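Enquirer: Have a look at this one.
The values are calculated or read from the model by the stated rules, or taken from the named source; none is laboratory data. Given the structure is predicted, the values throughout are model-derived calculations rather than measurements. We place every Cβ from the backbone using ideal geometry, glycine too, and count neighbours over all the protein chains shown.
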């Protein structure tokens with residue numbers, strides 16, 4: 001596994017070592033010891049989640065904060081998404097900054113998103129199957145979020161205007177300045 005920096009403190013891209021031959025491919029998607037050694041972050045994941053979404057779906061920006069904050073290790077099993085992480089850690093050198101990357105079944109990249117970050121993704125392919133590991137259990141009372149089209153964050157979701165599919169719940173999220 002190779003680690004690349006994103007420009008956001010503690011948020012990293014993970015590139016797997018892929019072994020291919022005539023039968024197909026193999027790669028280790030996660031190894032806690034290697035992860036902790038290369039990132040300095042804990043790899044104690046306790047919950048896996050998976051979603052299936054169609055083109056134009058934007059999920060986010062979501063986080064759990066406080067005691068139930070979650071770090072996430074995200075990847076795409078089928079299709080392609082634009083994955084977005086926003087540093088919402090007050091006092092962080094990269095507070096209010098975001099990073100985006102295309103994750104796909106083809107490139108097999110993963111993104112590690114630390115606790116205290118907002119997270120979201122937009123589906124760029126016809127369908128996308130999205131998988132992520134969390135280092136803390138889901139707690140509804142700790143949910144927070146920011147509206148996907150926040151003017152201060154100015155995220156380019158790469159979905160044409162009018163083609164976005166946003167849940168009613170996500171349309172009610174507040175701007176970043178009120179987080």
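Let's see how each residue does on (1) part of a strand (DSSP E or B); (2) in contact with a strand residue (DSSP E or B) (Cβ under 9 Å, 6 or more places away or on another chain); (3) surrounded by fewer than 18 Cβ atoms within 10 Å (Cβ to Cβ):
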{"position": "119", "(1), (2), (3)": "yes, yes, no"}
{"position": "128", "(1), (2), (3)": "yes, yes, no"}
{"position": "144", "(1), (2), (3)": "yes, yes, yes"}
{"position": "154", "(1), (2), (3)": "no, yes, yes"}
{"position": "158", "(1), (2), (3)": "no, yes, yes"}
{"position": "162", "(1), (2), (3)": "no, no, yes"}
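Enquirer: Now for a separate question. Quick test for you: out of 70, 110, 64, pick the one residue that is at pLDDT below 95, crowded, with 17+ Cβ neighbours inside 10 Å and closer than 30 Å to residue 1 by Cα.
Expert: Details: 70 fails: at pLDDT below 95; 110 fails: at pLDDT below 95.
Result: 64 is the single residue among 70, 110, 64 that is at pLDDT below 95, crowded, with 17+ Cβ neighbours inside 10 Å and closer than 30 Å to residue 1 by Cα.
Enquirer: Going residue by residue through segment 25-41, is there one that turns out to be in contact with a strand residue (DSSP E or B) (Cβ under 8 Å, 6 or more places away or on another chain) and closer than 24 Å to residue 157 by Cα?
Expert: no
Enquirer: Could you check how many residues of segment 164-179 are touching a strand residue (DSSP E or B) at 6+ places or on another chain (Cβ under 7 Å), in contact (Cβ under 8 Å) with a residue 60 or more places away in the chain and in a loop (DSSP other than H, G, I, E, B)?
Expert: Total satisfying the criteria: 4.
Enquirer: Right, next: Which one of 120, 145 is in contact with a helix residue (DSSP H, G or I) (Cβ under 8 Å, 6 or more places away or on another chain) and closer than 21 Å to residue 166 by Cβ?
Expert: When all the criteria are applied, what remains is 145.
This table checks each residue for (1) touching a residue at least 12 places away in the same chain (Cβ under 8 Å); (2) under 10 Å from the mean Cα position of the chain (by Cα).
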site: 57; (1), (2): yes, no
site: 61; (1), (2): yes, yes
site: 65; (1), (2): yes, no
site: 72; (1), (2): yes, yes
site: 75; (1), (2): yes, yes
site: 80; (1), (2): yes, no
site: 85; (1), (2): yes, yes
site: 90; (1), (2): no, no
site: 96; (1), (2): yes, no
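Enquirer: Report yes if some residue within segment 26-45 is in a strand (DSSP E or B) and surrounded by 11 or more Cβ atoms within 10 Å (Cβ to Cβ); otherwise report no. Don't jump to the end; show me each part of the working.
Expert: Pass one, segment 26-45, residues in a strand (DSSP E or B): 26.
Next, from what is left, pick out any that are surrounded by 11 or more Cβ atoms within 10 Å (Cβ to Cβ): 26.
Yes, the conditions are met somewhere in segment 26-45.
Enquirer: If you go through segment 4-25, how many residues are outside any loop (DSSP other than H, G, I, E, B) and farther than 17 Å from residue 83 by Cα?
Expert: Residues flagged as outside any loop (DSSP other than H, G, I, E, B) and farther than 17 Å from residue 83 by Cα within segment 4-25 amount to 5.
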